[in-house]
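So the structure is just underneath, and the comments pick up after that.
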Amino acid sequence: MPSHPPDTFRKALALHQRGELAGAQALYQQVLDLDPGHFDSLHLLGLALVQSGFLERGTDLIGRAIAVRADFPEAHYNLGHALLSLGRPDEALANFDKAIELKPDDPLYHFERGNALKELSRVADARQSFEQAIRLAPRYAEAYNNIGVVLKDLEKFEEAIGQYDRAIALRPGYAEAHSNRGNALKELNRLEEALASYDCAIRLKPDHAESYSNRGNALAKLRLPEEALASHDVAIRLKPDYAEGYNNRGNVLKDLNRLDDAIVSYDRAISLKPDYAEAYSNRASVLEELGRHEDAVASHDSAISLKPGYAEYYCSRGYTLVDLERIDEALADYEKALSLKPSLALARYNKSLLYLRRHAFTEGFELYLSRWEVEKPGTRRPETSIPHWDGSALEGELLLWAEQGLGDEVFFASMLSLLEPRNMKIALSADKRLHPVLARSFPEVRLLSREVTEKSVTGSFAAQAAVGDLGHLLGVDREKIASRRHSYLLANAERQQELRAASPCLGANLVCGLSWRSGNKKIGQHRSVELSDLAPLLLVPGVTFVNLQYGQVDDEINVAANRLGTRVNIAQDLDVFSDIEGLLALISMCDVVFTIDNVTAHLAGALGKQAVVLVPLGSGRHWYWGGESQSLWYPSLQVVYQDSIGDWTSAIRRGVELQAKLLMR
């Protein structure tokens, strides 16, 4: 005879089937109070607790049920499902395997096994499990969808779209498949199509928070951050505990330069999901922009501790360590990243900058080639069928095409003299603003507009190469740099006369040209100072100051004049942004130049003009400066580094002392 009333269990089961979980749990417990080893009550009470969100208690009870009866496949499946929800995929997998052993023809068991394998990053095995589920149930739309997710993780985006399409064909109202299809389209940069997929998902399931958040990611990629933020806000309103939504929202706030708000969003994501490595990594990048580099390293450490096999996190931490001037540690991080993921171009590129900075030119310039594999502005290689130059002698014309910013073009032009253009035909694409200067300085070189080589390189050229590849192709080392340590750009004498006539201030005894801002969108803020920060310089008596800074500077100059009694003169009839020929002439007429790291520094160095250059620590310091106080590449430049990140006070003071010595020469 049973030791419990049989109708109590039947009532509990009926309540459970109707979804009345609290009542069912109470009756199951009554049965267990009388018969602690009652298998069905242990199993179903555990399941009801899991369904009510009490995962730990539920898994314990289902485990006790299995101890009573180990040959019931559904109990193993339910325990595996609960363990997967608890973030314990390895234990879940063992239970799914046992369920399949007991009942190999159940497609649901294979499907959930695939989900556990996916969580364990065993994507090939996961795909096999999903495919087995489909063999057992050919119209299993969810399995097709999950194969798509696996293929997306493998970056096989077109194949993933095909799987999502099969899922949707089987179930047209499958909102999650439409949303996932949008994710694959977004990765292919087919953003308008991605938005259409997200919108379809939202029409089918208006409360699907994930679709709104995915839509926000696509809008952010379309550079519509305000609309993206609104979409993420809807996602969070629909699902207040949506950690991924808060993380994505933080990314958009970062794009909007609302950095403190971004930190709040990342912190919320982490509080909801303490093992959220991506949120820690994103948080670290914002802390770095806020200048909180030690905090950023700690956040990177958290991400790495959660995903020690994820190469990108080591690469990101290395970049932050560079800001802290912990160069050996940064190199170790880049090497660790490459050991985990040899294809990670960003790690090779970052490593190249450190090698070049240390004057390990052979290794550095070889690794510098990896910049073409990194998604960053100015590093998109144009399409061409013209052979890449290997550095050997040519029968025909060599095309060197421009890349990166104007200052980089000036810098790379320093290597043209190593080519001996009198012995070979050379064409060079360059910013039109540089054409008059380059034509005068390198008359043997045929100049082309940069625009003609931006997207493709065509023409009857024997070979082609990026101008920035010359360091590698020519085997540039310290000896070769020393062989061309001379000025290589020439100023226009007629423009000098015109400027002197229009601006009498240029006839003063001691003229100092000033530039204090960088237009670089990513690291310009680290390089720049305020004009008022240069007060120790502007108060030096007997010096006439001339503006070399492009952009709107009138207000800053007026404020400095009112505050310090010193006016920075603006040369008449000269646009220092568009008229590089005129800017070069103006620089040549100065006795000394005082500048931050921008195009003015390159032009002064290329002219051989005595100059003081303020250079930040960390990521704002580019590799061509190295670490020496007298520039290896530009011998006329005296380089003054920050003593601490973000603090220019002592660097400016030392720069003023150096300038005084230069003016006395």
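Annotations for the structure displayed:
- Evaluation of residue 199 against (1) touching a residue at least 24 places away in the same chain (Cβ under 8 Å); (2) under 28 Å from residue 240 (Cβ atoms) (one fails), failing number: (1)
- Among the residues making up the stretch 382-418, those that are closer than 15 Å to residue 489 by Cβ, of a type in the set (Gly, Ala, Ser) and more than 28 Å from the chain's Cα centre (by Cα) are 413, 414, 417.
- All positions within the stretch 471-490 that are buried (at least 22 other Cβ atoms within 10 Å of the Cβ) and assigned to a helix (DSSP H, G or I): 471
- Taking residues in the stretch 3-25 that are of a type in the set (D, E, K, R), and partners anywhere that are at pLDDT 90 or above and surrounded by 16 or more Cβ atoms within 10 Å (Cβ to Cβ), the pairs with Cβ atoms closer than 7 Å and at least 6 places apart or on different chains are 11/27.
- Exactly one residue out of 448, 506 is more than 29 Å from residue 610 (Cα to Cα) and of a type outside the set (D, E, K, R), and it is 448.
- No other residue among 282, 251 is under 28 Å from residue 647 (Cβ atoms) and not assigned by TED's automatic domain parsing to the domain that holds residue 182 apart from 282.
- Restricting the stretch 431-459 to residues that are among the small types (Gly, Ala, Ser) and modelled with pLDDT of 90 or more, the residue that is surrounded by the fewest Cβ atoms within 10 Å (Cβ to Cβ) is 456.
- Taking (1) assigned to a helix (DSSP H, G or I); (2) free of Cβ contacts under 8 Å to residues at least 24 places away in the same chain in turn, residue 240 satisfies each apart from (1).
- Residue 569 buried (at least 22 other Cβ atoms within 10 Å of the Cβ) and either in contact with a strand residue (DSSP E or B) (Cβ under 7 Å, 6 or more places away or on another chain) or in contact (Cβ under 8 Å) with a residue 40 or more places away in the chain (or both): no
- When residue 613 is tested against the conditions (1) within 14 Å of residue 513 (Cβ to Cβ); (2) part of a helix (DSSP H, G or I), the lone failure is (2).
- Residue pairs whose Cβ atoms lie under 7 Å apart, sitting 6 or more positions apart in sequence or on different chains, and linking a residue in the stretch 311-324 that is not assigned by TED's automatic domain parsing to the domain that holds residue 646 to a partner that is among the β-branched types (Val, Ile, Thr) and part of a helix (DSSP H, G or I), are 313/304; 314/304; 317/297; 317/304; 320/297; 321/297.
- Scanning the stretch 595-614 turns up no residue that is of a type in the set (Asp, Glu) and over 32 Å from the mean Cα position of the chain (by Cα).
- Taken together, 519, 513, 582 contain a single residue that is part of a loop (DSSP other than H, G, I, E, B) and not β-branched (Val, Ile, Thr), which is 519.
- Only listed residue being among the aromatic types (Phe, Trp, Tyr), crowded, with 24+ Cβ neighbours inside 10 Å and closer than 30 Å to residue 271 by Cβ, chosen from 164, 212, 242, 144: 212
- Consider the stretch 637-651 and keep the residues that are of a type in the set (A, V, I, L, M) and in contact with a helix residue (DSSP H, G or I) (Cβ under 6 Å, 6 or more places away or on another chain). The one that is surrounded by the most Cβ atoms within 10 Å (Cβ to Cβ) is 637.
- Of the helices (runs of 4 or more DSSP H) lying entirely inside the stretch 329-416, not one carries at least 2 residues that are touching a strand residue (DSSP E or B) at 6+ places or on another chain (Cβ under 7 Å) and more than 20 Å from residue 457 (Cβ to Cβ).
- Residue check for residue 621: in contact with a strand residue (DSSP E or B) (Cβ under 6 Å, 6 or more places away or on another chain), closer than 23 Å to residue 520 by Cα and basic (Lys, Arg): yes
- For the stretch 103-122, filtered to residues that are farther than 13 Å from residue 89 by Cβ and surrounded by 17 or more Cβ atoms within 10 Å (Cβ to Cβ), the residue that is farthest from the chain's Cα centre (by Cα) is 106.
- Applying the criterion of being buried (at least 18 other Cβ atoms within 10 Å of the Cβ) and in contact with a strand residue (DSSP E or B) (Cβ under 9 Å, 6 or more places away or on another chain) to the residues of the stretch 624-636, the residue that is farthest from residue 350 (Cα to Cα) is 636.
Residue by residue, here is whether (1) in the same structural domain as residue 404 (by TED's automatic domain parsing); (2) at pLDDT 90 or above; (3) over 33 Å from the mean Cα position of the chain (by Cα) holds:
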{"residue": "488", "(1), (2), (3)": "no, yes, yes"}
{"residue": "497", "(1), (2), (3)": "no, yes, yes"}
{"residue": "505", "(1), (2), (3)": "no, no, yes"}
{"residue": "512", "(1), (2), (3)": "no, yes, yes"}
{"residue": "519", "(1), (2), (3)": "no, no, no"}
{"residue": "522", "(1), (2), (3)": "no, no, no"}
{"residue": "525", "(1), (2), (3)": "no, no, no"}
{"residue": "529", "(1), (2), (3)": "no, no, no"}
{"residue": "535", "(1), (2), (3)": "no, yes, yes"}
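- Selected residue (criterion: nearest to residue 6 (Cα to Cα)) from residues of the stretch 19-75 that are outside any helix (DSSP H, G or I) and of a type in the set (Asp, Glu): 35
The values are calculated or read from the model by the stated rules, or taken from the named source; none is laboratory data. Not measured: the values here are computed from a predicted model. No Cβ is skipped: glycine too gets one built from the backbone with ideal geometry, and neighbour counts run over all protein chains shown.
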